[in-house]
Amino acid sequence: MKNKICVIFTGGTIGSKISGDTVDLRQEEKSYLIELYRKRYNSNVVFDELRPLNILSENVQPSDLEKMADCVRGVDKQAYDGIIVTHGTDTLSFTANLFSQLFCDIKIPIVFVSALFPLDDSRSRGVENFANAINFINSVDYGGVFVSFENHGENCKIHLASRLISATQIEGNYESIMGVHYGEIVDGKFIYNINAYNPTPEQLRQNREPCAAQKLCMDMVTIQAHSLLNFDFYRFTEVKPKAVMVQLYHSGTVCTKGKEANFNNFLEYCKSLGIEVVIAPVDSSARTYGSALGLVEKCTTAYDISFEMATTKVLLALGSGMSVEEELAKNHFFEKLH
(Lines give C-alpha, C1' and ligand atoms only; values in the text may rest on other atoms or scores of the structure.)
Protein backbone atom coordinates (compact mmCIF):
# COMPACT_ATOMS: atom_id res chain seq x y z
CA MET A 1 0.00 0.00 0.00
CA LYS A 2 1.07 3.56 -0.64
CA ASN A 3 0.09 4.52 2.96
CA LYS A 4 -0.90 7.95 1.74
CA ILE A 5 -4.18 9.74 2.40
CA CYS A 6 -5.61 13.01 1.11
CA VAL A 7 -7.38 14.97 3.85
CA ILE A 8 -9.93 17.60 2.80
CA PHE A 9 -10.70 20.07 5.59
CA THR A 10 -14.01 21.96 5.42
CA GLY A 11 -14.44 23.36 8.95
CA GLY A 12 -17.20 22.25 11.31
CA THR A 13 -16.85 21.55 15.02
CA ILE A 14 -13.89 19.27 14.35
CA GLY A 15 -12.16 22.32 12.87
CA SER A 16 -13.23 24.72 15.64
CA LYS A 17 -11.90 25.93 18.98
CA ILE A 18 -13.40 27.02 22.28
CA SER A 19 -13.35 30.68 23.28
CA GLY A 20 -15.20 31.18 26.56
CA ASP A 21 -18.76 29.94 26.01
CA THR A 22 -18.45 30.12 22.23
CA VAL A 23 -17.38 27.55 19.65
CA ASP A 24 -16.13 28.99 16.38
CA LEU A 25 -13.90 28.12 13.48
CA ARG A 26 -10.18 27.68 13.93
CA GLN A 27 -8.15 29.66 11.40
CA GLU A 28 -5.21 27.45 10.59
CA GLU A 29 -2.75 26.67 7.87
CA LYS A 30 -1.46 23.52 9.56
CA SER A 31 -3.90 20.95 10.86
CA TYR A 32 -4.39 20.70 14.62
CA LEU A 33 -6.24 17.41 13.98
CA ILE A 34 -3.26 15.79 12.27
CA GLU A 35 -0.95 17.20 14.94
CA LEU A 36 -3.00 15.53 17.69
CA TYR A 37 -3.21 12.31 15.68
CA ARG A 38 0.58 12.18 15.35
CA LYS A 39 0.98 12.65 19.12
CA ARG A 40 -1.46 9.89 20.04
CA TYR A 41 -0.74 7.25 17.42
CA ASN A 42 2.49 5.75 16.18
CA SER A 43 1.72 6.02 12.49
CA ASN A 44 3.76 6.55 9.36
CA VAL A 45 0.79 7.60 7.21
CA VAL A 46 1.60 10.41 4.81
CA PHE A 47 -1.04 13.15 4.54
CA ASP A 48 -1.66 15.71 1.86
CA GLU A 49 -3.98 18.50 3.01
CA LEU A 50 -6.56 20.48 1.04
CA ARG A 51 -8.79 23.31 2.31
CA PRO A 52 -11.45 24.25 -0.23
CA LEU A 53 -13.49 26.06 2.46
CA ASN A 54 -13.74 26.66 6.21
CA ILE A 55 -17.36 26.85 7.33
CA LEU A 56 -19.75 25.75 10.06
CA SER A 57 -21.83 23.12 8.34
CA GLU A 58 -25.18 24.67 9.29
CA ASN A 59 -24.23 27.60 7.02
CA VAL A 60 -23.38 25.49 3.98
CA GLN A 61 -24.66 26.74 0.61
CA PRO A 62 -24.95 24.92 -2.73
CA SER A 63 -21.79 26.68 -3.91
CA ASP A 64 -19.91 25.34 -0.87
CA LEU A 65 -21.00 21.79 -1.61
CA GLU A 66 -19.90 22.28 -5.20
CA LYS A 67 -16.46 23.45 -4.00
CA MET A 68 -16.16 20.34 -1.85
CA ALA A 69 -17.21 18.10 -4.72
CA ASP A 70 -14.83 19.81 -7.15
CA CYS A 71 -12.03 19.34 -4.63
CA VAL A 72 -12.70 15.58 -4.51
CA ARG A 73 -12.95 15.45 -8.29
CA GLY A 74 -9.54 17.12 -8.55
CA VAL A 75 -7.75 14.57 -6.35
CA ASP A 76 -5.53 12.09 -8.19
CA LYS A 77 -7.25 8.90 -7.01
CA GLN A 78 -4.32 6.71 -8.09
CA ALA A 79 -1.95 8.55 -5.76
CA TYR A 80 -3.83 7.78 -2.52
CA ASP A 81 -5.23 4.87 -0.54
CA GLY A 82 -8.23 7.00 0.40
CA ILE A 83 -9.70 10.43 1.02
CA ILE A 84 -10.87 11.78 4.38
CA VAL A 85 -13.30 14.71 4.47
CA THR A 86 -13.73 16.57 7.76
CA HIS A 87 -17.23 17.97 8.21
CA GLY A 88 -19.55 19.50 10.79
CA THR A 89 -22.07 17.20 12.48
CA ASP A 90 -25.14 19.40 11.97
CA THR A 91 -25.47 18.64 8.25
CA LEU A 92 -23.23 15.59 8.02
CA SER A 93 -26.07 13.26 7.04
CA PHE A 94 -27.03 15.40 4.04
CA THR A 95 -23.50 15.87 2.66
CA ALA A 96 -22.63 12.21 3.24
CA ASN A 97 -25.76 11.07 1.38
CA LEU A 98 -25.06 13.59 -1.38
CA PHE A 99 -21.46 12.46 -1.88
CA SER A 100 -22.54 8.81 -1.90
CA GLN A 101 -24.40 9.68 -5.10
CA LEU A 102 -21.89 12.05 -6.68
CA PHE A 103 -19.02 9.59 -6.13
CA CYS A 104 -20.87 6.28 -6.14
CA ASP A 105 -18.37 4.78 -8.61
CA ILE A 106 -15.16 5.92 -6.89
CA LYS A 107 -12.42 3.26 -6.68
CA ILE A 108 -10.94 4.33 -3.34
CA PRO A 109 -12.78 5.01 -0.06
CA ILE A 110 -13.96 8.48 0.87
CA VAL A 111 -14.57 8.67 4.61
CA PHE A 112 -16.34 11.55 6.36
CA VAL A 113 -15.10 12.44 9.83
CA SER A 114 -16.79 14.71 12.38
CA ALA A 115 -16.80 15.54 16.09
CA LEU A 116 -19.54 16.60 18.50
CA PHE A 117 -17.07 18.74 20.45
CA PRO A 118 -14.01 20.79 19.42
CA LEU A 119 -10.70 18.99 19.61
CA ASP A 120 -9.61 20.96 22.69
CA ASP A 121 -12.66 19.66 24.61
CA SER A 122 -11.87 16.48 26.59
CA ARG A 123 -15.20 14.96 25.42
CA SER A 124 -14.28 15.17 21.75
CA ARG A 125 -13.85 11.96 19.78
CA GLY A 126 -12.66 13.78 16.68
CA VAL A 127 -9.15 12.36 16.76
CA GLU A 128 -10.51 8.87 17.34
CA ASN A 129 -12.96 9.21 14.44
CA PHE A 130 -10.07 10.37 12.26
CA ALA A 131 -7.81 7.52 13.39
CA ASN A 132 -10.53 4.95 12.75
CA ALA A 133 -11.18 6.36 9.29
CA ILE A 134 -7.52 5.65 8.60
CA ASN A 135 -7.87 2.15 10.08
CA PHE A 136 -10.83 1.51 7.80
CA ILE A 137 -9.04 2.79 4.70
CA ASN A 138 -6.07 0.57 5.48
CA SER A 139 -8.35 -2.47 5.98
CA VAL A 140 -10.27 -2.50 2.68
CA ASP A 141 -9.46 -2.91 -0.99
CA TYR A 142 -12.55 -1.25 -2.47
CA GLY A 143 -14.00 2.19 -2.94
CA GLY A 144 -17.16 3.97 -1.89
CA VAL A 145 -18.34 6.70 0.45
CA PHE A 146 -18.45 6.04 4.20
CA VAL A 147 -18.72 7.76 7.58
CA SER A 148 -16.54 7.07 10.63
CA PHE A 149 -18.31 8.05 13.86
CA GLU A 150 -18.08 6.97 17.49
CA ASN A 151 -21.19 7.37 19.62
CA HIS A 152 -20.73 7.71 23.37
CA GLY A 153 -19.81 4.42 25.00
CA GLU A 154 -19.62 2.46 21.74
CA ASN A 155 -17.00 1.27 19.30
CA CYS A 156 -16.47 3.51 16.31
CA LYS A 157 -18.98 2.57 13.62
CA ILE A 158 -18.42 2.70 9.91
CA HIS A 159 -21.56 3.66 7.99
CA LEU A 160 -22.40 3.52 4.32
CA ALA A 161 -22.84 7.22 3.58
CA SER A 162 -25.99 6.38 1.61
CA ARG A 163 -27.59 4.89 4.76
CA LEU A 164 -26.67 7.58 7.32
CA ILE A 165 -29.68 9.24 8.94
CA SER A 166 -29.92 12.48 10.91
CA ALA A 167 -28.30 12.68 14.33
CA THR A 168 -30.40 12.02 17.40
CA GLN A 169 -31.82 15.13 19.03
CA ILE A 170 -29.65 16.93 21.60
CA GLU A 171 -27.10 14.11 22.12
CA GLY A 172 -26.08 13.96 18.46
CA ASN A 173 -25.49 10.22 18.00
CA TYR A 174 -25.38 8.89 14.44
CA GLU A 175 -26.89 5.65 13.13
CA SER A 176 -27.66 4.00 9.81
CA ILE A 177 -31.24 3.44 8.71
CA MET A 178 -32.75 0.29 10.25
CA GLY A 179 -29.96 0.46 12.84
CA VAL A 180 -27.65 -1.52 10.54
CA HIS A 181 -24.18 0.00 10.37
CA TYR A 182 -21.74 -1.30 7.78
CA GLY A 183 -19.09 -2.30 10.32
CA GLU A 184 -17.06 -1.13 13.30
CA ILE A 185 -13.47 -0.69 14.39
CA VAL A 186 -12.29 -3.04 17.14
CA ASP A 187 -8.70 -2.77 18.39
CA GLY A 188 -7.74 -0.83 15.29
CA LYS A 189 -9.23 -3.38 12.88
CA PHE A 190 -12.32 -3.08 10.72
CA ILE A 191 -14.98 -5.71 11.44
CA TYR A 192 -17.64 -6.10 8.75
CA ASN A 193 -21.21 -6.29 10.08
CA ILE A 194 -22.71 -9.45 8.61
CA ASN A 195 -26.34 -8.55 8.03
CA ALA A 196 -28.85 -9.29 5.29
CA TYR A 197 -29.32 -5.54 4.71
CA ASN A 198 -25.62 -4.91 4.14
CA PRO A 199 -23.85 -5.24 0.79
CA THR A 200 -20.94 -7.66 0.94
CA PRO A 201 -17.32 -6.62 0.38
CA GLU A 202 -17.53 -8.56 -2.90
CA GLN A 203 -20.42 -6.36 -4.02
CA LEU A 204 -18.47 -3.24 -3.10
CA ARG A 205 -15.55 -4.42 -5.24
CA GLN A 206 -17.76 -4.56 -8.33
CA ASN A 207 -17.83 -1.68 -10.79
CA ARG A 208 -20.71 0.76 -10.38
CA GLU A 209 -22.26 3.06 -12.94
CA PRO A 210 -21.74 6.79 -12.29
CA CYS A 211 -24.67 8.94 -11.21
CA ALA A 212 -25.76 11.26 -14.02
CA ALA A 213 -27.44 13.71 -11.63
CA GLN A 214 -24.67 16.01 -10.39
CA LYS A 215 -26.30 19.42 -9.82
CA LEU A 216 -28.36 20.56 -6.84
CA CYS A 217 -31.56 22.59 -6.81
CA MET A 218 -33.07 24.41 -3.80
CA ASP A 219 -36.60 24.74 -5.22
CA MET A 220 -38.16 22.34 -2.75
CA VAL A 221 -40.17 22.56 0.48
CA THR A 222 -39.86 19.86 3.15
CA ILE A 223 -42.69 19.05 5.57
CA GLN A 224 -42.47 16.62 8.47
CA ALA A 225 -45.68 14.89 9.48
CA HIS A 226 -46.73 15.44 13.10
CA SER A 227 -49.94 15.44 15.08
CA LEU A 228 -52.32 18.29 14.27
CA LEU A 229 -50.23 19.47 11.31
CA ASN A 230 -52.25 22.14 9.48
CA PHE A 231 -51.53 21.85 5.75
CA ASP A 232 -53.59 24.97 5.05
CA PHE A 233 -50.66 27.11 6.19
CA TYR A 234 -48.63 25.87 3.21
CA ARG A 235 -49.82 28.22 0.49
CA PHE A 236 -47.42 29.14 -2.31
CA THR A 237 -48.81 32.51 -3.36
CA GLU A 238 -45.54 34.38 -3.98
CA VAL A 239 -42.87 31.72 -4.56
CA LYS A 240 -43.79 28.29 -5.90
CA PRO A 241 -41.46 25.32 -5.36
CA LYS A 242 -40.87 22.67 -7.98
CA ALA A 243 -41.52 19.94 -5.44
CA VAL A 244 -42.75 19.35 -1.90
CA MET A 245 -41.36 16.47 0.16
CA VAL A 246 -43.44 15.10 3.03
CA GLN A 247 -41.76 12.94 5.65
CA LEU A 248 -44.31 10.33 6.69
CA TYR A 249 -44.59 8.55 10.01
CA HIS A 250 -42.52 5.39 10.39
CA SER A 251 -45.44 3.23 9.21
CA GLY A 252 -45.79 5.18 5.96
CA THR A 253 -48.83 7.16 7.08
CA VAL A 254 -49.99 10.75 7.33
CA CYS A 255 -53.30 12.27 8.40
CA THR A 256 -55.99 11.81 5.74
CA LYS A 257 -59.03 12.84 7.82
CA GLY A 258 -60.54 16.19 8.74
CA LYS A 259 -60.07 19.38 6.77
CA GLU A 260 -56.97 21.44 7.61
CA ALA A 261 -54.91 18.37 8.56
CA ASN A 262 -56.04 16.27 5.60
CA PHE A 263 -53.09 15.47 3.37
CA ASN A 264 -55.40 14.61 0.47
CA ASN A 265 -56.66 18.20 0.37
CA PHE A 266 -53.06 19.44 0.28
CA LEU A 267 -52.33 17.05 -2.58
CA GLU A 268 -55.18 18.49 -4.61
CA TYR A 269 -53.91 22.01 -3.94
CA CYS A 270 -50.37 21.14 -5.10
CA LYS A 271 -51.72 19.34 -8.16
CA SER A 272 -53.62 22.48 -9.15
CA LEU A 273 -50.33 24.43 -9.10
CA GLY A 274 -48.32 21.77 -10.92
CA ILE A 275 -46.14 21.02 -7.88
CA GLU A 276 -44.76 17.50 -7.58
CA VAL A 277 -45.33 15.94 -4.14
CA VAL A 278 -42.89 13.28 -2.92
CA ILE A 279 -43.58 11.06 0.09
CA ALA A 280 -40.93 9.17 2.06
CA PRO A 281 -39.99 6.82 3.54
CA VAL A 282 -42.17 3.98 2.26
CA ASP A 283 -41.37 0.29 2.78
CA SER A 284 -42.31 -1.55 -0.41
CA SER A 285 -42.70 -4.84 1.48
CA ALA A 286 -44.97 -3.56 4.29
CA ARG A 287 -48.74 -3.80 4.54
CA THR A 288 -50.57 -0.54 3.82
CA TYR A 289 -52.64 1.09 6.54
CA GLY A 290 -56.21 2.04 5.67
CA SER A 291 -55.37 5.72 6.17
CA ALA A 292 -52.69 5.48 3.47
CA LEU A 293 -54.66 3.59 0.83
CA GLY A 294 -54.24 5.26 -2.55
CA LEU A 295 -51.50 7.66 -1.45
CA VAL A 296 -48.71 6.13 -3.52
CA GLU A 297 -50.86 6.48 -6.65
CA LYS A 298 -51.36 10.20 -5.98
CA CYS A 299 -47.72 11.07 -5.17
CA THR A 300 -44.20 10.37 -6.24
CA THR A 301 -43.04 7.75 -3.74
CA ALA A 302 -39.54 7.11 -2.39
CA TYR A 303 -39.42 3.37 -1.69
CA ASP A 304 -36.94 1.63 0.61
CA ILE A 305 -34.57 4.54 1.23
CA SER A 306 -34.17 6.97 4.10
CA PHE A 307 -35.84 10.35 4.07
CA GLU A 308 -32.35 11.90 4.00
CA MET A 309 -31.48 9.98 0.84
CA ALA A 310 -34.85 10.77 -0.72
CA THR A 311 -34.20 14.47 -0.11
CA THR A 312 -30.80 14.18 -1.76
CA LYS A 313 -32.16 12.37 -4.80
CA VAL A 314 -34.99 14.85 -5.33
CA LEU A 315 -32.68 17.87 -5.12
CA LEU A 316 -30.24 16.26 -7.55
CA ALA A 317 -32.98 15.29 -9.99
CA LEU A 318 -34.49 18.79 -9.95
CA GLY A 319 -31.09 20.43 -10.32
CA SER A 320 -30.06 18.15 -13.17
CA GLY A 321 -33.34 18.38 -15.09
CA MET A 322 -34.09 14.69 -14.62
CA SER A 323 -37.19 12.74 -13.64
CA VAL A 324 -37.60 12.67 -9.85
CA GLU A 325 -39.41 9.33 -9.99
CA GLU A 326 -36.71 7.71 -12.11
CA GLU A 327 -33.91 8.99 -9.89
CA LEU A 328 -35.67 7.73 -6.75
CA ALA A 329 -35.88 4.26 -8.31
CA LYS A 330 -32.12 4.01 -8.92
CA ASN A 331 -29.69 2.35 -6.54
CA HIS A 332 -26.35 4.09 -7.05
CA PHE A 333 -24.56 3.14 -3.83
CA PHE A 334 -26.59 0.54 -1.92
CA GLU A 335 -29.10 3.08 -0.62
CA LYS A 336 -31.98 0.69 -1.33
CA LEU A 337 -32.81 -1.61 1.57
CA HIS A 338 -34.62 -4.28 -0.49
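The values are calculated or read from the model by the stated rules, or taken from the named source; none is laboratory data. None of the values given here were measured: they were computed from a predicted structure. With ideal geometry, Cβ positions are generated from the backbone for all residues, glycine too; neighbour counts draw on all protein chains shown. Please note that ligands, DNA and RNA were not included when accessible areas were found on the heavy atoms of the full protein model with its side chains. Shrake-Rupley method; radii C 1.70, N 1.55, O 1.52, S 1.80 Å.
The single residue among 248, 229, 267, 273 that is loosely packed, with under 14 Cβ neighbours inside 10 Å and among the hydrophobic types (A, V, I, L, M, F, W, C) turns out to be 273.
Give the number of residues within the range 70-92 that are open to solvent by 10 Å² or more (accessible area, probe 1.4 Å), among the hydroxyl-bearing types (Ser, Thr, Tyr) and either free of Cβ contacts under 8 Å to residues at least 12 places away in the same chain or within 16 Å of residue 115 (Cα to Cα) (or both). Total meeting the criteria: 2. Scanning the range 83-131 for residues that are among the charged types (D, E, K, R), touching a strand residue (DSSP E or B) at 6+ places or on another chain (Cβ under 7 Å) and farther than 17 Å from residue 26 by Cβ yields a count of 1. On the stretch given as the range 112-128, residues that are in contact (Cβ under 8 Å) with a residue 40 or more places away in the chain and either under 20 Å from the mean Cα position of the chain (by Cα) or closer than 28 Å to residue 212 by Cβ (or both) total 7. Taking the numbered list (1) assigned to a helix (DSSP H, G or I); (2) in contact with a helix residue (DSSP H, G or I) (Cβ under 8 Å, 6 or more places away or on another chain) in turn, residue 132 passes all entries but (2).
The number of residues in the range 130-150 that are open to solvent by less than 10 Å² (accessible area, probe 1.4 Å) and without any contact (Cβ under 8 Å) to a residue 60 or more places away in the chain comes to 6.
Would you check if residue 33 is more than 16 Å from the chain's Cα centre (by Cα), within 25 Å of residue 172 (Cβ to Cβ), touching a residue at least 40 places away in the same chain (Cβ under 8 Å) and surrounded by 21 or more Cβ atoms within 10 Å (Cβ to Cβ)?
Details: more than 16 Å from the chain's Cα centre (by Cα): yes; within 25 Å of residue 172 (Cβ to Cβ): yes; touching a residue at least 40 places away in the same chain (Cβ under 8 Å): yes; surrounded by 21 or more Cβ atoms within 10 Å (Cβ to Cβ): yes.
The answer is yes for residue 33.
Can you spot a residue in the range 307-314 that is among the hydroxyl-bearing types (Ser, Thr, Tyr), within 30 Å of residue 73 (Cα to Cα) and surrounded by 15 or more Cβ atoms within 10 Å (Cβ to Cβ)? Yes, the range 307-314 contains at least one residue that is among the hydroxyl-bearing types (Ser, Thr, Tyr), within 30 Å of residue 73 (Cα to Cα) and surrounded by 15 or more Cβ atoms within 10 Å (Cβ to Cβ). Contact map, the range 181-206: first residue part of a strand (DSSP E or B), second residue open to solvent by less than 30 Å² (accessible area, probe 1.4 Å) and modelled with pLDDT of 95 or more, Cβ cut-off under 6 Å, separation 6 or more or different chains; pairs are 183/158; 184/157; 185/132; 185/156; 190/136; 190/183; 191/183; 192/183.
Taken together, 165, 177, 158 contain a single residue that is open to solvent by less than 10 Å² (accessible area, probe 1.4 Å), modelled with pLDDT of 95 or more and among the β-branched types (Val, Ile, Thr), which is 158.
Could you please find all residues in the range 180-209 being open to solvent by 80 Å² or more (accessible area, probe 1.4 Å) and out of contact with any Phe, Trp or Tyr (no Cβ under 6 Å at 6 or more places or on another chain)? Across the range 180-209, the qualifying residues are 187, 189, 191, 194, 196, 202, 206, 207, 209. Scan the range 131-138 and give yes if some residue there is of a type in the set (A, V, I, L, M, F, W, C) and closer than 19 Å to residue 306 by Cβ, otherwise no. No, the range 131-138 has no match at all.
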